[in-house]
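**Q** Take a look at this one; I'll ask things after.
The values are calculated or read from the model by the stated rules, or taken from the named source; none is laboratory data. Keep in mind it's a predicted model, so treat the numbers as computed, not measured. Note: ideal-geometry Cβ built from the backbone for every residue, glycine included; neighbour counts use all protein chains shown. Keep in mind that these areas ignore ligands, DNA and RNA; they rest on the heavy atoms of the full protein, side chains included. Shrake-Rupley method; radii C 1.70, N 1.55, O 1.52, S 1.80 Å.
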Amino acid sequence: MEHAIETLLTGGERLEILLVDDGSKDNTAQIADDYEQRYPEIVRALHQENGGHGKAVTTGLHAATGFFVKVVDSDDWVDENALREILDFLEKESLKKDAVDMLISNFIYDKQGVKHKKAMEYSSFLPTDRVFSWDEVHFPLGKYLLMHSVIYRRDVVVGQAQLELPHHTFYVDNLYVFEPLRYVKNIYYLDVNFYHYFIGRDDQSVNEQVMIGRIDQQLKVNRLMINFYAKNEAQLDPALANYMFRYLEIITTVSSILLLKDGSKESLRKKTALWNYIKRKDTHLYRELRWGLFGTGVNLPWKLGRKTALGVYKLARKMYGFN
């Protein structure tokens with residue numbers, strides 16, 4: 001956490017840093033208060049009863065006063081040189097009447113124990129150095145926007161989307177980069193390696209075994225995404241609808257494969273229940289997901305299905321970034 005804060009402090013008074021203490025049982029609260037006392041013009045410490053990652057993010061969004069907002073998890077950090085470039089751009093945008101709704105930048109998979117870190121960059125798929133819309137977004141299989149990639153104009157996520165993330169739930173970052181997109185019209189991509197996403201710890205939420213243990217929370221987020229897409233698809237720009245469908249497809253694939261990996265009768269029942277839920281919610285969406293590449297792979301019967309699912313799993317694992 002202190003490392004994350006120190007990298008953000010290099011931005012000086014050009015930004016505000018909100019430290020949300022979500023009822024932590026360690027010395028997080030004291031660290032947050034200490035930073036607020038040392039940097040009162042920059043840092044604010046916010047304390048609340050434990051509500052999980054979603055509540056912490058929602059609290060920070062509503063307390064923010066900046067024109068743009070960015071979520072930085074406590075075990076991640078930002079590149080200091082890239083931060084200056086990001087702030088230069090955002091300051092200029094904040095003076096415009098038609099400021100961009102979303103800024104995209106690169107992030108680094110900073111995997112523990114790996115010498116050569118993988119950068120998730122978008123220069124081959126997005127226009128650079130100009131504003132663009134969803135019509136020009138053509139991500140190939142395996143390229144998606146994670147929370148680490150995006151900075152929103154605050155009014156988009158708080159005012160228009162009125163985003164309220166569920167409490168006591170992991171994996172809500174998928175909702176963060178899904179629901180507000182309906183209100184994102186103008187996009188800009190800065191080709192800089194800004195965010196360092198730290199992965200590889202055994203207790204991390206994206207660790208495969210941890211995800212299986214928290215599968216009900218993954219399924220909860222998956223269903224919320226299904227609900228949102230089914231409700232809003234008709235109002236979406238066609239290019240955006242296609243992107244959101246592909247993102248929903250990979251999340252549903254991850255849910256299905258984790259249940260197959262566990263293999264218990266209860267997990268297989270939950271997998272069937274998930275697909276039946278999609279069918280009840282939106283038959284067109286069900287058909288598109290069920291007979292797509294991933295849906296077919298995770299729904300084939302018996303040994304062929306399991307073998308195909310494991311192949312799909314390797315691809316989904318690479319896309320989704322869990323370890």
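**Q** Determine which single condition Met244 fails, assuming it passes every other condition in (1) surrounded by 15 or more Cβ atoms within 10 Å (Cβ to Cβ); (2) at pLDDT below 95.
**A** Single failed check for Met244: (2).
**Q** Given Glu91, Glu85, which one is open to solvent by 70 Å² or more (accessible area, probe 1.4 Å), of a type outside the set (A, V, I, L, M) and in contact with a Lys or Arg (Cβ under 9 Å, 6 or more places away or on another chain)?
**A** Values: Glu85 fails: in contact with a Lys or Arg (Cβ under 9 Å, 6 or more places away or on another chain).
Within the list Glu91, Glu85, the selection yields Glu91.
**Q** Could I ask something else about it? Among what's in segment 78-112 and is charged (D, E, K, R) and under 20 Å from the mean Cα position of the chain (by Cα), pick the residue that is modelled with the lowest pLDDT.
**A** Taking segment 78-112 and keeping what is charged (D, E, K, R), we get 79-80, 84-85, 88, 91-93, 96-98, 101, 110-111.
Then keep just the ones that are under 20 Å from the mean Cα position of the chain (by Cα); that gives 79, 101, 110-111.
Details: Asp79: 97, Asp101: 98, Asp110: 86, Lys111: 80.
Checking each candidate, the answer is Lys111.
**Q** For the structure I just gave you, tell me whether Glu6 is in the same structural domain as Asp88 (by the TED database), modelled with pLDDT of 95 or more, open to solvent by 40 Å² or more (accessible area, probe 1.4 Å) and within 23 Å of Val158 (Cα to Cα). Spell out the reasoning first.
**A** Numbers: in the same structural domain as Asp88 (by the TED database): yes; modelled with pLDDT of 95 or more: yes; open to solvent by 40 Å² or more (accessible area, probe 1.4 Å): yes; within 23 Å of Val158 (Cα to Cα): no.
So Glu6 does not fit the description; no.
**Q** Filter segment 7-27 down to residues that are more than 23 Å from the chain's Cα centre (by Cα) and touching a residue at least 40 places away in the same chain (Cβ under 8 Å) and give me whichever is farthest from Leu87 (Cα to Cα).
**A** Step one: filter segment 7-27 for residues more than 23 Å from the chain's Cα centre (by Cα), giving 9-14, 25-27.
Okay, now just the ones that are also touching a residue at least 40 places away in the same chain (Cβ under 8 Å), so 10-11, 14.
Details: Thr10: 11, Gly11: 8, Arg14: 7 Å.
So the residue we want is Thr10.
**Q** Look at segment 151-176 and say how many of its residues are under 20 Å from Gly66 (Cβ atoms) and without any contact (Cβ under 8 Å) to a residue 60 or more places away in the chain.
**A** Selection size over segment 151-176: 6.
**Q** I want to confirm something. Restricting to segment 113-165 and keeping residues that are over 20 Å from the mean Cα position of the chain (by Cα) and closer than 24 Å to Trp77 by Cβ, which single residue is least open to solvent (accessible area, probe 1.4 Å)?
**A** Val114
**Q** Can you tell me which residue within segment 109-167, out of those that are among the small types (Gly, Ala, Ser) and in contact with a helix residue (DSSP H, G or I) (Cβ under 6 Å, 6 or more places away or on another chain), is farthest from Leu90 (Cα to Cα)? Talk me through it step by step, then tell me what you get.
**A** Restricting attention to segment 109-167, the residues satisfying the condition of being among the small types (Gly, Ala, Ser) are 113, 119, 123-124, 133, 142, 149, 159, 161.
Now drop any that are not in contact with a helix residue (DSSP H, G or I) (Cβ under 6 Å, 6 or more places away or on another chain), which leaves 142, 161.
Details: Gly142: 28, Ala161: 21 Å.
Across segment 109-167, the extreme among qualifying residues is Gly142.
**Q** Quick check, is Ile215 within 20 Å of Lys261 (Cβ to Cβ), at pLDDT below 95 and of a type in the set (A, V, I, L, M)? If you could, list the steps in order and put the result at the bottom.
**A** Numbers: within 20 Å of Lys261 (Cβ to Cβ): yes; at pLDDT below 95: no; of a type in the set (A, V, I, L, M): yes.
For Ile215, the condition - within 20 Å of Lys261 (Cβ to Cβ), at pLDDT below 95 and of a type in the set (A, V, I, L, M) - is not met.
**Q** Kindly indicate whether Tyr176 is at pLDDT 95 or above, within 13 Å of the chain's Cα centre (by Cα) and in the same structural domain as Leu8 (by the TED database). Reasoning before the result, please.
**A** Working: at pLDDT 95 or above: yes; within 13 Å of the chain's Cα centre (by Cα): yes; in the same structural domain as Leu8 (by the TED database): yes.
Here the answer is yes, as Tyr176 does meet what is asked.
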